[in-house]
Amino acid sequence: MRKTIIAGNWKMNGTVPESTALIGGILNAGVAGGKVEIVVCPPFTALESAGKLLKDSGIGLGAQNMSEHKSGAYTAEISAEMLLTLGVTHTILGHSERRQYHFETDDRVNRAAKAALAAGLTPIICVGETLEQRDSGDTEKTVGDQIAGTLAGFAADLLKKTVVAYEPVWAIGTGKTATPEMAEDVHRFIRGKIAALDKEAANLVPILYGGSVKLGNAGGLLTQPNIDGALVGGASLKVDDFVGIINAL
Ligand code: 13P
């Protein structure tokens, strides 16, 4: 019923030649066109070459962020239209590293997600609590507020085209993963929040898990009923690991 998505967030890794090699490896592995939707999110500088390689491959191409504005005096920003012309299909929004180091807010993510959807791009909206918030029992409050803020004012038809990623901040790049049960609890909670906005959309929106996903833990996480895929960081930079996670499904 829901799509299963494995997306690789390369973060600030990969020159153009390195990106080309990595995409070549994924294409050679022959994993495209199966039941899993695959998306790779290289840095902006590698999107053009990646777009050419991935054209007609069945593998989606994601940006790691996007401006909420159409064009104009926004130095260093990248618009939806610029991404579309490179063959981009998805954009990550509100990643915790953007929230932490670049002070992005739910409001900004909300506006950027609306701009992405209006342009025909699929937003992958990231939410997740810090260790401090989890330890003080504020996981649901934090994630619930992020969902309410980032999805505010979404009509049902837009909601249905959105992807959400739950990435507990304490599990990103730390080697600490939420147990399948811990992750499933939050995914179920998120789906409930989306259901309060629109029941039908809640059944359709894929909710991905992110945070130290690797070959060894992907199977346990991805068999949970409300976990519809993964947003993979470090392990998406190695062909064997990324392809292994896809094949684990
Ligand atoms: P890691 O898989 O390296 O923990 O990163 C997760 C992430 O932030 C994906 O967006």
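Quick look at the values:
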{"quantity": "The lone exception for A171 - which of (1) surrounded by fewer than 16 Cβ atoms within 10 Å (Cβ to Cβ); (2) aliphatic (A, V, I, L, M); (3) within 17 Å of G220 (Cα to Cα) it fails", "calculated": "(1)"}
{"quantity": "Qualifying residue in the range 141-157 (condition: within 14 Å of the ligand (Cβ to nearest atom) and either surrounded by 18 or more Cβ atoms within 10 Å (Cβ to Cβ) or modelled with pLDDT of 95 or more (or both))", "calculated": "no"}
{"quantity": "Qualifying residue in the range 172-179 (condition: of a type outside the set (A, V, I, L, M), more than 17 Å from L93 (Cβ to Cβ) and assigned to a helix (DSSP H, G or I))", "calculated": "no"}
{"quantity": "One residue from V213, V205, V164 being within 11 Å of the ligand (Cβ to nearest atom) and in contact with a strand residue (DSSP E or B) (Cβ under 8 Å, 6 or more places away or on another chain)", "calculated": "V213"}
{"quantity": "Condition check for Y101: of a type in the set (S, T, Y) and either touching a strand residue (DSSP E or B) at 6+ places or on another chain (Cβ under 6 Å) or part of a helix (DSSP H, G or I) (or both)", "calculated": "yes"}
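Every residue, every condition in (1) assigned to a helix (DSSP H, G or I); (2) of a type outside the set (S, T, N, Q); (3) within 17 Å of K3 (Cβ to Cβ), yes or no:
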residue: V143; (1), (2), (3): yes, yes, no
residue: M182; (1), (2), (3): yes, yes, no
residue: H187; (1), (2), (3): yes, yes, yes
residue: A202; (1), (2), (3): yes, yes, yes
residue: Q224; (1), (2), (3): no, no, yes
residue: S236; (1), (2), (3): yes, no, no
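The values are calculated or read from the model by the stated rules, or taken from the named source; none is laboratory data. Fair warning: this is a prediction, and the values are worked out from it, not measured in the lab. Note that we place each Cβ from the backbone using ideal geometry, even for glycine, and neighbour counts take in every protein chain shown.
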